[in-house]
1. Need the failing condition index for A:TYR208 against (1) of a type outside the set (A, V, I, L, M); (2) more than 24 Å from A:ASP109 (Cβ to Cβ); (3) within 25 Å of the chain's Cα centre (by Cα), just the number.
2. Among the numbered criteria (1) farther than 21 Å from B:GLY446 by Cα; (2) hydrophobic (A, V, I, L, M, F, W, C); (3) facing another protein chain (nearest Cβ under 7 Å), which one does A:ILE99 miss?
3. Is it the case that the range A:47-55 has a residue that's in contact (Cβ under 8 Å) with a residue 12 or more places away in the chain, surrounded by fewer than 22 Cβ atoms within 10 Å (Cβ to Cβ) and within 8 Å of chain B (Cβ to nearest Cβ)?
4. I'd like the residue in the range A:56-81 that is touching a residue at least 40 places away in the same chain (Cβ under 8 Å) and surrounded by fewer than 21 Cβ atoms within 10 Å (Cβ to Cβ) and, out of all such residues, is nearest to B:TRP415 (Cα to Cα).
5. Output the residues belonging to the range B:253-302 that are more than 14 Å from chain A (Cβ to nearest Cβ), open to solvent by less than 20 Å² (accessible area, probe 1.4 Å) and under 26 Å from B:TYR186 (Cβ atoms).
6. Please specify each residue of the range A:23-38 satisfying the condition of being open to solvent by 80 Å² or more (accessible area, probe 1.4 Å) and in a helix (DSSP H, G or I).
7. Testing B:ASP499 on (1) acidic (Asp, Glu); (2) open to solvent by less than 60 Å² (accessible area, probe 1.4 Å); (3) under 30 Å from the mean Cα position of the chain (by Cα), one condition comes back false. Which one is that?
8. Quick check on my filter: what residues within the range A:72-86 are facing another protein chain (nearest Cβ under 9 Å) and either out of contact with any helix residue (DSSP H, G or I) (no Cβ under 8 Å at 6 or more places or on another chain) or farther than 12 Å from B:GLN444 by Cβ (or both)?
Amino acid sequence: SSDEHKLNFRKSKEACLSYIQDALLQKQWKRAAEFLTCYVESLEKDYSREHIGPSEVIWRIGTEIFYHSQSSMKEFNYFMEQMKTLGVKRYLKVCLEHIFHLLCNGQIDEAYQNLSLAESWRFGEQTAVQDKEMKLIQAYRGLLDYYSWSKQKNILLEHGEDGFSDLAVEQEMHGYFRKAAVNLKEIIKIPGVWDIFVKCYVDLLEFYGDHNEAHQVLNEYAYNSKFPANPNAHVYLYQFLKRQGESKKTLISALKILHDIVPSHELMIDFNTMLQKSKKRKKRRMGLEVIFAALDYAGWKENAKAWSCLARQVKQIVISGKHLDWIKQEWSSRKDWWPAFHFSRYLAKRNWQENKSLSYEKALVAGILLGKDCKYFKYVSHQGCKAQLKRFRMLKKFVNRHNPAYLRISG
Amino acid sequence: RDFNERCPQCSEVNWGLTDGGRFYCRSCHNVTERSREVVNTDFITNSRVQTISKGSRKQEKNDGGCEWYICEGFQLVLKKQVEALEALGVCPQMKDEILCNFWRCYLQKSKQAYCKRPAGETVKALSVCESSTDVDSDPERPSLLHLLSLSESEGDLQTDCSFVSSVSKVSESTSVCSGSVDGSLYLMKNQKEKLRMTMPMTLSFCYMALLWVREPITLSELLRFVVEGHIPYLNVFQHFPENMRLCGLDLKIFCVESWPVYEEVFNKMHELAAFLDLPRFPDITESCFLHPDMLCMKYLMEANLPDELHNWTCRVVKKTGIGEVDFLTLMPGNKSTRKVKYDVLAAAVIIVVLKLLFLLDDHYEWLLSGFAEERNKNNTEGGPYFEFKKWYEVVKHSLDVEQKKLDEERAKYLWRCEKPLFYSVKNKSKVLKRRQMVVNLQNQFGKLSGSVQRAEKPNPSSFQLRWSEENTDGSCFHGHSLKGILQEKHGLLTAMNPDYWLCTVKLCNEKLCGHLAHYREVEFPQSYHFVLGLFSFLLRIQPSYIHDEVCMIEHKLFNKKLSKKLKYNRVLRK
């Protein structure tokens with residue numbers, strides 16, 4: 001470069017920073033620390049016009065290096081305390097990060113102390129500006145209060161079994177509940193992803209019997225459009241409704257959006273099972289759609305349960321003779337790639353070796369979708385009959401008998 | 001409105017202003033308790049106030065500091081620098097006889113000392129007072145910010161302006177904006193005619209003195225020693241005595257945040273020599289280190305090239321006349337002769353020689369190398385023939401290693417020192433706190449980086465690349481022979497290579513565009529680019545400057561041929 005032999009403070013620190021970044025990307029923590037040692041001088045310059053100043057850089061990179069180095073918590077704590085003094089606009093963020101690290105290290109009490117300290121921080125207009133971080137801090141304190149509540153609850157339950165009742169423990173427990181509930185309730189009002197807070201709060205509400213509130217909270221979390229789309233929200237709602245013994249209809253509607261967002265979710269099996277059994281035609285149709293969609297994903301290839309769902313439904317349709325067009329519809333977009341994806345000869349061999357049930361279910365589906373002459377079905381049924389397993393013989397007969405169904409589907 | 005009270009001590013009305021903002025009686029030096037806060041600021045613009053005269057200069061201020069002038073500071077800097085040079089082996093006369101006299105001469109010429117102050121000259125001692133008074137009403141009194149932005153900043157000091165402005169807005173009371181007496185004056189006055197002193201200029205002084213004494217240190221070496229820390233330059237102010245307080249605008253003057261630039265130091269030196277009306281410098285003759293014959297020998301060794309090439313460099317030097325005393329010796333103020341960069345010149349001579357012998361067109365040199373390789377395989381007796389390819393591989397490898405080291409050094413360079421800098425007393429505590437934090441963080445991360453101690457400052461050495469004949473791996477080419485590429489014609493050894501390509505057919509006007517030619521890597525062969533890069537690394541100077549010298553030498557060498565009408569193709573037959 002034309003200015004290679006010139007050097008000034010700024011260029012020198014820019015170069016230093018790029019060495020630090022390279023080292024971080026290659027996970028060379030010691031080397032990153034070495035260069036960071038030279039970089040910290042930047043704190044003595046005024047970078048107020050820059051987008052990200054050295055104090056922020058040092059905080060973020062320094063934390064990363066500490067996280068990956070074998071240094072004592074004492075050193076790290078000292079470092080974080082210094083970072084807190086560096087930028088008042090960032091104060092609460094730095095506090096939060098410090099607290100996370102303490103939690104990761106199992107130092108719950110220190111984390112709690114820091115949370116309380118941070119909660120009591122006031123700094124003119126900054127307090128209002130950093131309102132969101134403050135709510136987070138309160139939420140995490142609420143979380144730790146929940147944790148304490150949980151501990152007390154377990155103690156009580158143990159004592160309860162022994163027949164002892166401990167009033168002091170009970171009162172403490174209620175105290176934690178109140179503290180936790182107040183803070184948790186606040187944070188989940190703000191649109192965001194608050195899985196852990198929601199779970200804890202719902203747990204508290206259920207324990208004290210406030211099912212309405214719990215339902216309300218979960219509904220908000222799942223259906224309020226201001227909140228980001230979150231599959232877990234629907235999962236929590238579903239699980240709650242199930243616990244409450246709600247009707248199948250309710251449960252089905254709870255899982256609908258989950259299917260839209262995450263067609264490969266593990267709950268799709270439950271979903272399909274419920275839908276299959278429904279009396280409504282539309283729902284059964286949907287069930288088929290759901291199970292096909294789930295099996296589009298590689299993670300489900302060897303899931304015997306999923307295949308058995310599909311197999312059951314396909315079998316039922318074929319036997320009844322009605323709604324073969326459903327299968328045809330689902331199959332039309334898949335017939336180009338499912339054969340190679342699920343029903344290759346290699347997979348036939350492997351499935352047979354590793355999991356006979358899996359191969360059984362798959363063979364049934366293959367036999368119907370691809371006909372009795374397809375590789376998969378032929379291999380598995382042949383192997384099954386050779387091994388003199390009854391159900392495979394039955395399978396062979398079934399598929400042969402219903403070959404016209406295949407013809408209708410493929411035609 | 002003048003301050004008309006009578007002095008309580010001597011009853012005179014003869015007031016001056018101390019830097020602390022207090023009034024003092026010029027007759028009896030009684031310092032009053034009255035300070036400027038009490039007085040209307042109109043006073044400052046209307047009255048003529050003189051700073052404390054030199055006689056009572058050493059008067060101690062309340063905080064234990066003394067009064068000092070900028071030129072005193074520079075004098076200290078120069079003293080430190082020349083002492084370091086002495087430690088490096090430079091002759092002691094340089095300090096007491098040469099540099100001292102140069103400096104005195106400079107002070108005299110620039111009317112900073114050793115002369116009578118022109119009558120009626122006023123020196124306004126400025127203070128910062130950006131409080132409620134309306135600054136705009138007085139156009140004559142420049143604000144602190146204005147002063148800071150006036151002079152060219154070295155490095156990043158301008159970013160500290162915002163530091164300062166925030167500080168001074170907060171302060172209500174007056175605070176001095178420089179620790180020195182004339183710091184603000186220094187930056188403010190139009191110093192164009194007087195050649196104002198700067199930190200890079202201290203190096204110009206040093207170089208000038210070195211040149212006068214004809215010490216074997218080139219400018220590029222001097223600057224390299226500065227960067228490596230053997231010569232005080234960065235943070236030299238930490239060696240100022242305790243009572244010489246630096247703050248405010250002094251920092252702008254003495255604080256360095258960039259490496260010295262060859263061209264700047266070089267040009268300033270020539271300006272200085274002319275300004276001081278110096279006579280012709282001592283002759284640079286063939287026995288001088290700075291003579292191209294000598295320097296070429298050194299650089300050939302450092303570049304790991306065969307010693308035999310030295311004959312060729314001498315021949316080129318002779319033919320072009322660049323070894324003449326009059327060409328090499330500095331004649332200050334002579335605008336017609338080209339100023340000589342001894343180190344760059346020697347490097348350029350070597351490059352021209354390489355072009356003469358190897359052509360360096362990305363074909364011929366490899367061809368020759370192939371022949372040499374064949375011969376070396378078959379003839380194991382006698383010295384090896386020089387193979388360009390092997391040389392290239394060995395040198396490139398070392399160069400890459402050293403370049404990588406240098407790049408890391410640049411990134412790890414530490415600019416600050418223990419002595420803190422602050423613009424005013426107001427932000428002193430903030431600065432000290434920051435410094436403490438920096439030191440703490442350095443300790444913490446130093447520990448995390450493992451026990452990687454910062455390497456001790458290497459001893460200053462003249463050679464950056466070293467090659468030893470004792471290495472059995474054949475990586476030293478000094479003793480290799482040029483036999484394969486030479487032939488005898490009419491009793492004279494000439495190169496087998498019959499061709500030569502000029503870097504440029506026409507030289508630019510240096511005064512207009514700053515260069516004799518314009519170097520762009522893509523327009524030249526890779527081999528040429530490589531050798532330029534090699535010397536660019538050794539001299540720590542941009543390749544384009546070496547390219548300029550190469551063009552200059554070529555034009556001298558092929559002067560006769562060029563003055564005839566040339567055809568459009570650039571290739572000449574020698």
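1. (3)
2. It is condition (3) that A:ILE99 fails.
3. no
4. Here the answer is A:GLU64.
5. Selection gives B:ILE253, B:PHE254, B:MET269, B:LEU272, B:ALA273, B:LEU276.
6. A:LEU25, A:LYS30
7. In the conditions (1) acidic (Asp, Glu); (2) open to solvent by less than 60 Å² (accessible area, probe 1.4 Å); (3) under 30 Å from the mean Cα position of the chain (by Cα), B:ASP499 misses (3) alone.
8. A:THR85, A:LEU86
The values are calculated or read from the model by the stated rules, or taken from the named source; none is laboratory data. All values reported here derive from a predicted model rather than from experimental measurement. Neighbour counts run over all protein chains shown; Cβ positions are idealised from the backbone, glycine included. Ligands, DNA and RNA are excluded from the accessible area calculation, which covers all protein heavy atoms including side chains. Shrake-Rupley method; radii C 1.70, N 1.55, O 1.52, S 1.80 Å.
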